[in-house]
Amino acid sequence: MKKLGSIHQMQIIQALIDYFSSDTDFSLLCSVFMVVFLAKGRQVDFKISTFSKLLSLNLGQGHKTLLNCAALWWTQQPQNSEYCKSVTRSLVEDYIILLPDCESTLESTPHQSPLLAGILLTYFSDLYPLPGTQGAYQPPPDQLISLAGSWLQGNMDLCGGLGQSETQGVVTMLGRSPVSGLLVWTILSPLFCERETQAAYSKLHFNLLQHITEENGEYSVPAGFMSNLTETLLSIFNSGSFSDPQVNHCLDRFGQALQAVRASKCRIEEDLLLLINQLPYNRLINIIISNLS
């Protein structure tokens with residue numbers, strides 16, 4: 001089969017936009033969407049590329065039907081799908097970081113499709129994860145920090161913070177939440193990011209703490225996350241050179257997250273406490289640990 005070029009791709013995208021703007025039944029539209037962008041068979045790379053461009057063009061326009069079809073497509077892909085990662089990376093690198101004011105341009109997305117907003121936040125966090133034993137931490141673009149803080153603010157049902165909801169959210173559909181991945185960003189930021197960006201990180205961190213509740217604690221901060229984070233902090237502190245204000249700021253945010261986990265009645269394992277005791281002294285963490293005994 002002859003490979004389609006960019007002009008044909010844009011013609012296909014325009015035809016899809018016109019079709020999904022119609023008053024056709026949503027179930028039918030969704031079925032058509034799944035067939036068109038089936039991640040199998042011929043020209044899969046072309047289909048994924050077209051899907052990425054289609055989503056970029058419509059994310060800011062807030063076309064509800066198309067955004068919800070895209071969200072449901074995401075839920076049908078295998079966990080850790082490379083195609084999902086490819087779409088996410090393309091969305092960030094070819095669209096979001098190029099917007100002059102992504103926070104304002106994309107402010108309607110959580111209202112038009114809470115499921116898609118939650119899914120995107122989850123996959124954004126996957127692009128910039130907790131560093132492994134051999135890897136270095138790569139901070140996310142500043143635009144993602146502002147966008148995540150904006151989307152989470154006032155949308156407590158986005159990550160299941162209110163428990164059962166009429167809206168199908170990311171926790172229900174993917175079985176995981178973006179909260180822990182985004183906490184990595186805010187807690188590590190004092191060590192790796194410029195001071196000028198800390199206001200946006202503070203806003204995001206505050207909103208994340210609001211999303212750790214009894215109703216969704218097991219998803220927001222899954223078992224083992226705090227231990228892995230603590231081990232990573234110990235490794236970073238031992239291998240790098242950081243000022244006392246940087247370390248204290250980082251540990252303050254870690255302590256705030258720990259307190260939110262405690263308040264949500266998630267179990268704090270003995271192994272975690274042993275690891276925390278190896279961290280540099282921090283007054284807030286010391287108070288929290290003292291109240292646990």
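The values are calculated or read from the model by the stated rules, or taken from the named source; none is laboratory data. Only a predicted model underlies this, so the values are computations on that prediction, with no experimental measurement involved. Here the Cβ positions follow ideal geometry from the backbone for every residue, glycine too, while neighbour counts run over all protein chains shown. Note: areas computed on protein heavy atoms with side chains; ligands, DNA, RNA excluded. Shrake-Rupley method; radii C 1.70, N 1.55, O 1.52, S 1.80 Å.
Residues being outside any helix (DSSP H, G or I), under 30 Å from Asp101 (Cβ atoms) and among the polar types (S, T, N, Q): count how many of those fall in segment 42-64.
1
Matching residues to (1) without any contact (Cβ under 8 Å) to a residue 24 or more places away in the chain; (2) over 20 Å from Lys64 (Cβ atoms); (3) crowded, with 20+ Cβ neighbours inside 10 Å:
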{"residue": "Leu99", "(1), (2), (3)": "no, yes, no"}
{"residue": "Leu106", "(1), (2), (3)": "no, no, yes"}
{"residue": "Pro110", "(1), (2), (3)": "no, no, yes"}
{"residue": "Ser113", "(1), (2), (3)": "no, no, yes"}
{"residue": "Leu121", "(1), (2), (3)": "no, no, yes"}
{"residue": "Phe124", "(1), (2), (3)": "no, yes, yes"}
{"residue": "Tyr128", "(1), (2), (3)": "no, yes, no"}
{"residue": "Pro139", "(1), (2), (3)": "no, yes, no"}
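Select the helices (runs of 4 or more DSSP H) contained entirely in segment 217-293, then report the ones holding at least 1 residues which are small (Gly, Ala, Ser).
217-220, 225-239, 244-263, 283-292
Asn216 fails exactly one of the following numbered conditions: (1) within 19 Å of the chain's Cα centre (by Cα); (2) modelled with pLDDT of 90 or more. What is the number of that condition?
Only one criterion in (1) within 19 Å of the chain's Cα centre (by Cα); (2) modelled with pLDDT of 90 or more is unmet by Asn216, namely (2).
Scan segment 88-113 for residues that are small (Gly, Ala, Ser) and assigned to a loop (DSSP other than H, G, I, E, B) and jot them down.
Correct list: Ser108, Ser113.
Among the residues of segment 166-223, which ones are open to solvent by 20 Å² or more (accessible area, probe 1.4 Å), touching a Cys at 6+ places or on another chain (Cβ under 8 Å) and not hydrophobic (A, V, I, L, M, F, W, C)?
Those that are open to solvent by 20 Å² or more (accessible area, probe 1.4 Å), touching a Cys at 6+ places or on another chain (Cβ under 8 Å) and not hydrophobic (A, V, I, L, M, F, W, C): Glu218, Tyr219.
Looking only at residues that are of a type in the set (S, T, N, Q) and under 14 Å from Pro110 (Cα atoms) in segment 43-76, which one is most open to solvent (accessible area, probe 1.4 Å)?
Among them, the one singled out is Gln61.
Would you tally the residues in segment 77-87 being surrounded by 11 or more Cβ atoms within 10 Å (Cβ to Cβ) and outside any helix (DSSP H, G or I)?
The total comes to 2.
Among (1) in a helix (DSSP H, G or I); (2) in contact (Cβ under 8 Å) with a residue 40 or more places away in the chain; (3) under 22 Å from Leu91 (Cα atoms), where does Ala39 come up short?
Condition not satisfied by Ala39: (1).
Output the qualifying pairs, or none if there are none: Cβ atoms under 7 angstrom, residues six or more apart or on different chains, first residue in segment 235-257 and more than 13 Å from Phe192 (Cβ to Cβ), second residue open to solvent by less than 20 Å² (accessible area, probe 1.4 Å) and part of a loop (DSSP other than H, G, I, E, B).
Once the first residue is more than 13 Å from Phe192 (Cβ to Cβ) and sits in segment 235-257, its partners that are open to solvent by less than 20 Å² (accessible area, probe 1.4 Å) and part of a loop (DSSP other than H, G, I, E, B) give Asn248/Asn282; Leu251/Leu279; Leu251/Asn282; Asp252/Asn282; Gly255/Asn282.
Results for (1) within 14 Å of the chain's Cα centre (by Cα); (2) acidic (Asp, Glu); (3) modelled with pLDDT of 95 or more; (4) outside any loop (DSSP other than H, G, I, E, B), shown as yes or no for each residue.
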site: Gly132; (1), (2), (3), (4): no, no, no, no
site: Leu144; (1), (2), (3), (4): yes, no, yes, yes
site: Met156; (1), (2), (3), (4): no, no, no, no
site: Gly161; (1), (2), (3), (4): no, no, no, no
site: Val184; (1), (2), (3), (4): yes, no, yes, yes
site: Leu188; (1), (2), (3), (4): no, no, yes, yes
